[in-house]
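So the structure is just underneath, and the comments pick up after that.
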Amino acid sequence: MTDNTLSSCSKSTSSKNYQLKTFLKVFNHYYGNFKTFFKVSDPRKSSKCLYPLESYLYLALMMFLLRLQSVRQINYLLNTVAANKKFCRLFGCSNLPHSTSLNKISRRLIPEEMQVITSNMVKHLIKQRVLETRRLFGKYYMIAVDGTYVYSSPTRHCEHCLTRTSKKTGKTTYYHMILEAKLVTKDGFALSVMSEFVQNEEENPSKQDCETKAFHRLAAKLKQAFPKLPIILLLDGLFADGSIFQICRENNWEALIVLKDKDLSTVNQEFKNLKLVHPEKSFQQNKGGCKQDFSWCNDIDYRDGKKRQFSLSIIECIEQQADEKTTKYKSISTIRVRRNNICKLSDAARTRWVIENQGFNTQKNHGFALKHQYSKNYTGMKVFYYLLQICHTWEQLTRRSNLFKRLCTKKYGSIKNIYFNMLEEWRREVLSDDEINFIKNTKVQIRLDSG
């Protein structure tokens, strides 16, 4: 079937609901309908359920997708006659569930089951070979791991809060932090694979949880979920540590880890010495008006505090821009470095920035409101976090699809206008039975662009 199928259907049934139909069609194409997608335990008594569980979770996804930025806005902005009719056709409900009910449901769900959904979304894309051309050396899936703050307050949110006390003012800040593993690509995909909450087990622990402890828990879950997946981890300098090297060794993972001049002093010193002895392991190139000086060394011995022995490779790239600004990038590689792979390894190491830019920055500053307290309950907060990750994956697939570009960007000009118009469509336009049947039953070809 041609790429014009969705467009022709839109013309034949309705010239409206462009964005909503596109998003629903992309979701259905990759993951099927919402009822089969949300395979989570329903904590309610079936005899008293007025709304199917998937309708609540879909409503939360629409809250994120339409950039409402709070649960309360659902009642104020989404509860219209047209929206209720859409919900009736999608889920058999007479109207939208109340936002208070959504919040209550979130507190009773099992966060670990929501985590399985986020992982399965990526598994499904891998199985369908959607990300096949985006693998490093045609083999490794790049998984960037980094931590981010999701909520902070001068008052305690729950007993699991981390705390930080200012030495100047003496004031204590309570916050939550998450260590996130995302599958990243050079062209900007940042798809949530696994999340681990950095959390205290009690209100006043003698020693707080931290990112490195959380990494060990996350790595165990990642290996269990993807036991045979060829993975290369992209990590910042915090993880340049023997325990991390050991995890990679045991799990048959490769890694690219930022190496700062102040870290692993013996490794840094040996690299400096070997650079002088082996000048042949360096070369220069110009890339887009930027001068790049590459150097590398293999077989650098490192012994950690537990006397475990590791053989590391080091990559260094010194870039000089046209304005003579110089920047140095240095990384540890568990893959042996050669002249014919150093450029790709260096670029891959810098692909870690995607988790910060297209990942955390997008979720915090471009409408998803990651730092907003969506629930005062700790379990509810976790559930909403996973729902945000699900929505972000869905949105990335849709925005990069040929359907979205054809039907949306040419018509509305900017992403901000698209989501504003989509909110108005949800509020004002009715989705017909023909359109629902088309979304569910008609197969279309979907391609993802590389920009």
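The values are calculated or read from the model by the stated rules, or taken from the named source; none is laboratory data. All of these numbers come straight from a predicted model, not from anything done at the bench. Reconstructed Cβ throughout: ideal geometry from the backbone, glycine too, with neighbour counts over all protein chains shown.
Values as computed for the structure displayed
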| item | result |
| --- | --- |
| Single residue of region 158-186 satisfying the filter (closer than 25 Å to GLY237 by Cβ and among the charged types (D, E, K, R)) that is modelled with the lowest pLDDT | LYS167 |
| Every pair of residues 6+ apart whose Cβ atoms lie under 7 Å, when the first sits in region 348-364 and is closer than 19 Å to TYR386 by Cβ while the second is aliphatic (A, V, I, L, M) and assigned to a helix (DSSP H, G or I) | GLN363/LEU388 |
| ARG249 being among the charged types (D, E, K, R), more than 22 Å from ARG135 (Cβ to Cβ), surrounded by fewer than 19 Cβ atoms within 10 Å (Cβ to Cβ) and modelled with pLDDT of 95 or more | no |
| Selection from region 349-396 of residues that are part of a loop (DSSP other than H, G, I, E, B), farther than 22 Å from ILE143 by Cβ and not charged (D, E, K, R) | HIS366, GLY367, ALA369, HIS372, GLN373, TYR374, SER375, ASN377 |
| Residue check, ILE257 under 30 Å from THR118 (Cα atoms) and not in a loop (DSSP other than H, G, I, E, B) | yes |
| Residue ID - nearest to THR351 (Cα to Cα), chosen from residues in region 137-178 that are part of a loop (DSSP other than H, G, I, E, B) and in contact with a Ser or Thr (Cβ under 9 Å, 6 or more places away or on another chain) | CYS161 |
| Subset tally (residues that are closer than 16 Å to LEU387 by Cβ and surrounded by fewer than 20 Cβ atoms within 10 Å (Cβ to Cβ)) for region 89-102 | 1 |
| Selection within region 321-377 - more than 30 Å from ARG108 (Cβ to Cβ) and aliphatic (A, V, I, L, M) | ALA322, ILE332, ILE335, VAL337, ILE342, LEU345, ALA348, ALA349, VAL354, ILE355 |
| Residue match in region 178-185 (condition: of a type in the set (Gly, Ala, Ser), touching a residue at least 12 places away in the same chain (Cβ under 8 Å) and within 23 Å of PRO227 (Cβ to Cβ)) | yes |
| Restricting region 189-214 to residues that are among the hydroxyl-bearing types (Ser, Thr, Tyr) and surrounded by fewer than 24 Cβ atoms within 10 Å (Cβ to Cβ), the residue that is nearest to GLU395 (Cα to Cα) | SER195 |
| Hey, PHE420 surrounded by 12 or more Cβ atoms within 10 Å (Cβ to Cβ), modelled with pLDDT of 85 or more and not aliphatic (A, V, I, L, M) or not | yes |
| Failed item, numbered, when LYS186 is tested on (1) part of a helix (DSSP H, G or I); (2) within 30 Å of ARG400 (Cα to Cα); (3) not β-branched (Val, Ile, Thr) | (1) |
| Residues within region 73-131 that are farther than 25 Å from ARG44 by Cα, in contact with a helix residue (DSSP H, G or I) (Cβ under 8 Å, 6 or more places away or on another chain) and in a loop (DSSP other than H, G, I, E, B), tallied | 4 |
| Selected residue (criterion: nearest to the chain's Cα centre (by Cα)) from residues of region 252-265 that are of a type outside the set (D, E, K, R) and surrounded by fewer than 17 Cβ atoms within 10 Å (Cβ to Cβ) | ASN252 |
| Where ILE300 falls short, out of the listed (1) without any contact (Cβ under 8 Å) to a residue 40 or more places away in the chain; (2) among the hydrophobic types (A, V, I, L, M, F, W, C); (3) more than 30 Å from ALA219 (Cα to Cα) | (3) |
